[in-house]
Amino acid sequence: MKHIKKRRIFLKKISYLFFAFIGFFTIKKFNDKNDYLSIFVNKINLLDSQKKNITKILNKYNYSHYQKFISDYKISNFNSFEDFSIWLSERIKKEYAKNEMVILENTFVSKTEVSLLIIKYG
Amino acid sequence: MIIDLKKLQNIEDIKCDFCIVGAGAAGTILYDKLSKSKFEIVLLESGMVDVDENYQELNKGELLLQGKDNINKDDVIDYVNMRLRGLGGTTNHWGGQCFPFYEIDFLKRNWIKNSGWPISRDDLYPYYKKANEYFEISKDVWHEKIWEEIGLESNLLKLNNNKVNITFGCRAGFLKKSTAMTISGWNVVNFKKYLVNSKNDKPNNKIIYDATLTKLVSENNNHINYGVIKSLHGIEKKIFAKNFILSSGGYEVPRILLNSGKGKGLANNNDLVGRYYVGHPNSLDFMKLICNTKEIAAKLMWNFGWHKIDKNESRPHLSFKKSFQEKNSLLNTGIWFAGHDEKNHPIYIAKQLRRDLLNKNFKNIDLSTKEYLLILKNIDEILLNIKRGYFNPRGVKNPMLEEVDIFYSAEQAPSKDSRIYLSDKKDMLGMNKIVLDWHLNELDRENPLKIAEHLASIFGEANVGKIVVAENLQEKINNFENIMDASSHPSGTTRMSNLKENGVVDKNLKSHFVDNLYICSSSVFPTSCYASPTYSIGALAIRLSEHLI
């Protein structure tokens, strides 16, 4: 039961990540218009009690797709946070469509979603 | 005429044109169809009119898994209770699931060794429609238009329709009006009624019970001279028939043939009788879907629960497109969704309240204010459930969980090593018992994880939710045989093929080697789809009866 509970909390975190960023569609004003990713990740409200566990899990994974994600993000030129959100959403959708996933805590998660978790906790 | 074998004690031998062995779904349809013709028909049933546990002991067999004895085998297979002896056979307790096999099931697939039927789906499809009369299916629920008729959107969740189909499975048997809103609306057809209430009985046609065919005697293994019938009451008779049709299922058909003839058995010239046994690898424990929101979970359960369609209840499931299976070398697999039974769910509370009111059990009604409020809050959906005859909670405003159970069921890849052979031990009638040596191959073990990954991709792309696989999935897959029931749908043990080197019967279900032997059972399936076999057995029985008349 303990592991089911743990997994549910973990999944909730991933879901929060995703829904939090969808929530940003409505946010129009930012202090730093050029760093949407940091704003997005920093604004995510997650429970800190599981932080150590998440870090431990993420450390098991290599960072190659994280690096690719950061590099893709840097070369993209977003005009608005909405552009960034669409880019992120489409990227996640495409990864799922192409089976570009990893198994994290027995859960299939897209590579970009793992990268977002690494940025937050890694 | 239904008659006990002991009432035929004074008759020297039994004679007929066709002797049908086994009064389950196939035997019943064959008897009903053939008895309307000019031929004299005898239908033999090993059990009594009603299922009697004394006769169930005749089913007992042994089990090996991958060639080895296994300590958990009693959990895996229940020979005694799963297949029933008695008029109607196993339809006395079956689940009633009906849908036709897919086009891909009949094809030779290069990633599945030994696949391919000698007939196509188009050959069999007209007989499915004719079988609806027996299975009490009122409508062609497999047509896509049905979604609009019952007010659902076929692609409500926007799942990638290049990868998956949503398919309805229909339950055999017309619903009674009173079953709406009950926990279980089952009213599944028991084929026994077609024998007991037969209206076209001619005096020379007989349904003989307590009559187990123990042996087919053949001087040269090319022609059956007669069969030996025994009862549990010590009576033994010979039956002389121009043709014998074995319709006693995937275990008993090979058992009879291996106990018959000379040498290594009847119709077994190429050592194929009993081989290519396939079951239905299935599990509810492989994976779960965690929906992104409770509302999505509720929507999923609404769509994938039971629906009342015309006179039947039907339930959709996911299947994978032919092109997608080809591209990813998948076994044909069905995915069902199930929510958790929550006793404090408003629909369940409403159901209980309704039952208590209808049964005037006023003392049982003890609802809290919270429960009354839940019912009131969801009254529109509850009334819609009653109107449409839905049996599972759906569409409520306060869905309970994001988590949805996934039931995995796949065809088994046929393998020559997976087989039934005779044990040295004998049953009460002197027949050798069977040993099932059940083998799964790599394809069967790879398929669950492949399916989990594809489902994760499909649900992720549609933003529905995430697939979580079982903690010890690899261990479960390695011990696949230990965690499921293999005994429900035995198939493939006298497979159909145009070539006698590859099969026991030809495309008309006639033996390649014995000129007066036909087989009509799931044992002739070269591959088994993931669907329950009975509906396809029924279609084959109608096809055979039309071929014979």
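The table below gives the values:
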item	result
In region B:112-146, the residues that are surrounded by 16 or more Cβ atoms within 10 Å (Cβ to Cβ) and among the polar types (S, T, N, Q)	B:114, B:115, B:132
Residue within region B:449-456 that is of a type in the set (Gly, Ala, Ser), within 26 Å of residue A:110 (Cβ to Cβ) and touching a residue at least 60 places away in the same chain (Cβ under 8 Å) present	yes
Within region B:365-383, tally of residues that are without any contact (Cβ under 8 Å) to a residue 12 or more places away in the chain and among the polar types (S, T, N, Q)	2
Residue that is farthest from the chain's Cα centre (by Cα), among those in region B:9-38 that are among the hydrophobic types (A, V, I, L, M, F, W, C) and either in a helix (DSSP H, G or I) or under 14 Å from residue B:87 (Cβ atoms) (or both)	B:34
Unmet criterion (only one of (1) part of a helix (DSSP H, G or I); (2) within 14 Å of chain A (Cβ to nearest Cβ)) for residue B:447	(2)
Test: residue in region B:173-189 that is among the hydroxyl-bearing types (Ser, Thr, Tyr) and either modelled with pLDDT of 70 or more or under 30 Å from residue B:7 (Cβ atoms) (or both)	no
Check on residue B:472, out of contact with any helix residue (DSSP H, G or I) (no Cβ under 9 Å at 6 or more places or on another chain) and not small (Gly, Ala, Ser)	yes
Qualifying residue in region B:109-121 (condition: closer than 16 Å to residue B:411 by Cβ, of a type in the set (A, V, I, L, M, F, W, C), assigned by TED's automatic domain parsing to the domain that holds residue B:28 and not in a loop (DSSP other than H, G, I, E, B))	no
Any pair with Cβ under 6 angstrom, 6 or more apart, that starts in region B:500-521 at a residue that is more than 14 Å from residue B:254 (Cα to Cα) and ends at one that is part of a strand (DSSP E or B) and modelled with pLDDT of 95 or more	B:509/B:518; B:509/B:519; B:510/B:518; B:516/B:243
Verdict on residue B:511 being over 30 Å from residue A:110 (Cβ atoms), of a type in the set (Gly, Ala, Ser) and assigned by TED's automatic domain parsing to the domain that holds residue B:114	yes
Filtered residues of region B:517-541 (kept if under 19 Å from residue B:268 (Cβ atoms) and surrounded by 24 or more Cβ atoms within 10 Å (Cβ to Cβ))	B:517, B:519, B:520, B:521, B:522, B:523, B:524, B:525
Criterion violated by residue B:330 - all others in (1) modelled with pLDDT of 85 or more; (2) more than 14 Å from chain A (Cβ to nearest Cβ); (3) outside any helix (DSSP H, G or I) satisfied	(2)
Unmet criterion (only one of (1) modelled with pLDDT of 90 or more; (2) at the interface with chain B (Cβ under 8 Å from one of its Cβ atoms)) for residue A:103	(1)
Qualifying residue in region B:253-266 (condition: more than 19 Å from the chain's Cα centre (by Cα), surrounded by 24 or more Cβ atoms within 10 Å (Cβ to Cβ), hydroxyl-bearing (Ser, Thr, Tyr) and in the same structural domain as residue B:495 (by TED's automatic domain parsing))	yes
Selection within region B:460-474 - touching a residue at least 60 places away in the same chain (Cβ under 8 Å) and within 8 Å of chain A (Cβ to nearest Cβ)	B:461, B:463, B:466, B:467, B:468, B:469, B:470, B:473
Selection count, region B:267-286, where residues are surrounded by 22 or more Cβ atoms within 10 Å (Cβ to Cβ) and of a type in the set (Ser, Thr, Tyr)	2
Some residue of region B:151-171 being modelled with pLDDT under 95, buried (at least 17 other Cβ atoms within 10 Å of the Cβ), in a helix (DSSP H, G or I) and over 23 Å from the mean Cα position of the chain (by Cα)	no
Qualifying residue in region B:27-34 (condition: of a type in the set (D, E, K, R) and surrounded by fewer than 20 Cβ atoms within 10 Å (Cβ to Cβ))	no
Residues that are part of a loop (DSSP other than H, G, I, E, B) and surrounded by 18 or more Cβ atoms within 10 Å (Cβ to Cβ), drawn from region B:40-73	B:40, B:45, B:46, B:47, B:49, B:51, B:61
Meets criteria (touching a residue at least 40 places away in the same chain (Cβ under 8 Å), in a helix (DSSP H, G or I) and farther than 17 Å from residue B:491 by Cα) for residue B:3	no
Members of region A:110-119 found to be touching a strand residue (DSSP E or B) at 6+ places or on another chain (Cβ under 9 Å) and more than 7 Å from chain B (Cβ to nearest Cβ), listed by number	A:111, A:113, A:114, A:117
Residue check, residue B:435 part of a strand (DSSP E or B), at negative phi, among the β-branched types (Val, Ile, Thr) and within 14 Å of chain A (Cβ to nearest Cβ)	no
Candidate set: region B:237-293, residues that are in contact with a helix residue (DSSP H, G or I) (Cβ under 7 Å, 6 or more places away or on another chain) and assigned to a strand (DSSP E or B); chosen: the one nearest to the other protein chains (Cβ to nearest Cβ)	B:290
Output for region B:369-384, where each listed residue is modelled with pLDDT under 80 and loosely packed, with under 14 Cβ neighbours inside 10 Å	B:370, B:380, B:383
Region A:79-100, residues that are away from every other protein chain (no Cβ under 14 Å) and surrounded by fewer than 17 Cβ atoms within 10 Å (Cβ to Cβ)	A:79, A:80, A:82, A:83, A:87
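The values are calculated or read from the model by the stated rules, or taken from the named source; none is laboratory data. None of these values were measured; they are calculated from a predicted model. Ideal geometry is used to build each Cβ from the backbone, glycine not excepted, and the neighbour counts take in all protein chains shown.
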